[in-house]
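Have a look at the structure below, then the notes.
Derivation of every value follows stated rules applied to the coordinates shown; laboratory data play no part. These numbers come from a predicted model, not from an experiment. With ideal geometry, Cβ positions are generated from the backbone for all residues, glycine too; neighbour counts draw on all protein chains shown.
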Amino acid sequence: MDLNFRAGIYYTGSGPQKWDRTCHHVGETFDPLGMLLSFIDLKLLIWLVVWNTACLLDKVLARSGTGGIYVEPRSADGRSVLSNFMVIWAGKHTLKDLLHMRQTNPAVAGLARVGERRGLRVAASQAQEIHQMVKPDTLFLPQGDRVQYLAGPFPFGTDRQGISKAMRQAGWNCKPLQPSTPQPGRGVMWVVIAVEEPPQPIVWTTHGEILISKHKMDSQAKQDVIQPIASASTLALCGSGPAPCKEDPWSKGDPWGGYKPASSANAPTASASMRQMEDRIQNAVLSTLNTNMVQDDIPDRIQVLEGQMKQLCQKQGMMEHQFSEFTGQQSQQVASLQQQLNAQGQQLHGQIESQNQSIQAMFENQLAHIRGLLTKRPREDGE
């Protein structure tokens, strides 16, 4: 183990050290670090659980990835990973590139590894920025419970980036996983994963409607049955073995098997008893019903309906008579108004004619007077 990394996780408490490991060390020394060194020589994978103080967490994470040792921060009980950090997996980057990013970017807390996958462990508040730097072509999903949805149908030939862009424009961030069942003549259904629920179950596009629903896994999928490993006596004591098949003792020796009821000629048959029961039930039901419902009141209803129809016809006739009277009065008023308009028009026309004649006469008098003034007077003798 690297000495620098070992110095970051040394124990400073007063109580005994708490180590948990998946392998047992067979040897003279029981130092966990020494055990780790001995097993590293054999190229084995050792998983250690170390309780450490929170003040040293940043230092320990900064050493993650040094000397082939990777650290994963967990809760105090060790059951869950701390939600303060996220891992940005970078499968296309080499270990050298990841180490360079850790040294040049202060937001990177350390390296993470699961099998052959490596990534960068960063703070949850800065995970989106680092994700854009490492994987700019993929969608970033925040922390939370990821649920699979079935969306589509999308047009044939649509890739993951196109689906992600279309859903982002619809206001939903999701990550397409793989195509599902094709829809002949319409497109292909896709399985997507998202943290938040879609804002609406149906998205309207130029291609058509896109339906979004939760993806139901196959309930008939085969599940691996875990068989307990123990001795036969332990399995028998726990009752995990097959229960012995016990036969019913009454099937072989039934003391009432030979019983036969005494036959009687006066005994009612099954059909007669059923008929009596039906009659009693029918009488009880009819007695509880309302007498008005039992009686046939159809003729009374018909009479009431006829009376209502007659009243409606009478009202309709009265309305027609009133409308005809109103129409006659309106026509008379219109005729009288037309006569008045005609009389006033004739009177106005006469007045206009008389005025025109008087004006014409005045013009003629004026013209005659002007002509008289303009004509030359004959000279008289002696002038």
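Take the residue pairs K59/K165; K96/K175; K59/K92; K59/K96 and return only those whose Cα atoms are more than 30 Å apart. Walk me through the numbers before you get to the answer.
Working: K59/K165 39 Å; K96/K175 28 Å; K59/K92 27 Å; K59/K96 21 Å.
Correct reply: K59/K165.
At a 10 angstrom cut-off on C-beta neighbours, averaged per residue, how do the peptides 57-68, 128-139, 73-84 rank from highest to lowest?
On the way: 57-68: 16.9, 128-139: 15.3, 73-84: 10.9.
Order by mean packing, descending: 57-68, 128-139, 73-84.
For a quick check of your reading of the filter: which chymotrypsin sites (Phe, Trp or Tyr not before Pro) in region 42-122 sit in a DSSP loop and have no more than 10 other Cβ atoms within 10 Å? Could the numbers behind the result be given before it?
On the way: sites: W47, W51, Y70, F85, W89; in loops: W47, W51, Y70.
In loop regions of region 42-122 (DSSP not H, G, I, E or B), the sparsely surrounded chymotrypsin sites (Phe, Trp or Tyr not before Pro) are W47.
Rounded to the nearest Å, what's the spacing between the alpha carbon centres of region 89-165 and region 167-203? Just the number, please.
If we compute the Cα centre of each part, the gap is 20 Å.
Stretched out fully, how many nm does the piece from V147 to V334 gain, at 0.36 nm a residue minus the Cα gap?
Numbers: separation 187, 0.36 × 187 = 67.32 nm, distance 8.01 nm.
Between V147 and V334, full extension yields an extra 59.3 nm.
Could you calculate the contour length gain from V285 to Q126, that is, 0.36 nm times the residue separation minus the distance between their Cα atoms, to one decimal place in nm? Intermediate results must be reported in sequence, preceding the final value.
Details: separation 159, 0.36 × 159 = 57.24 nm, distance 7.56 nm.
Gain in length upon complete extension: 49.7 nm.
For the modelled label position 7 Å from the Cα of R117 along Cα-to-Cβ, which residues of region 138-155 have backbone nitrogen atoms closer than 19 Å?
138-149
Give the calculated FRET efficiency between Y70 and V195 to the nearest 0.05, with a Förster radius of 25 Å applied to their Cβ-Cβ distance. Show your work: numbers first, answer last.
Working: r = 26 Å, r/R0 = 1.03.
After rounding, the FRET efficiency stands at 0.45.
What is the Cα radius of gyration of region 147-214 over 2.2 N^0.38 Å, N being its residue count? Numbers along the way, then the final one.
Values: Rg = 10.5 Å, N = 68, 2.2 N^0.38 = 10.9 Å.
Cα-based Rg divided by the globular estimate yields 0.96.
Do any trypsin sites (Lys or Arg not before Pro) in region 102-196 lie in a loop, going by DSSP, with at most 13 other beta-carbon atoms within 10 Å of their beta carbon, and if so which?
R146
Answer with one residue from T181, Q200, I210: the one whose Cα lies farthest towards the positive end of the charge dipole of region 147-214, charges on Cβ with Lys, Arg +1 and Asp, Glu -1.
Working it through, the farthest residue towards the positive pole turns out to be T181.
If the chain between L82 and T138 were fully stretched, how many nm would it gain, using 0.36 nm times the residue separation less the Cα-Cα distance? List each step's numbers first, then the result.
Values: separation 56, 0.36 × 56 = 20.16 nm, distance 2.42 nm.
Full extension from L82 to T138 adds 17.7 nm.
Would you mind ranking Y149, Y259 so that the residue whose beta carbon has the fewest other beta carbons within 10 Å leads the list?
The fewest-first ordering by Cβ neighbours comes to Y259, Y149.
If I model a spin label at Q346 and L177 as a point 7 Å from the Cα along the Cα→Cβ vector, what separation in nanometres do I get?
Simple spin-label model gives 10.0 nm for this pair.
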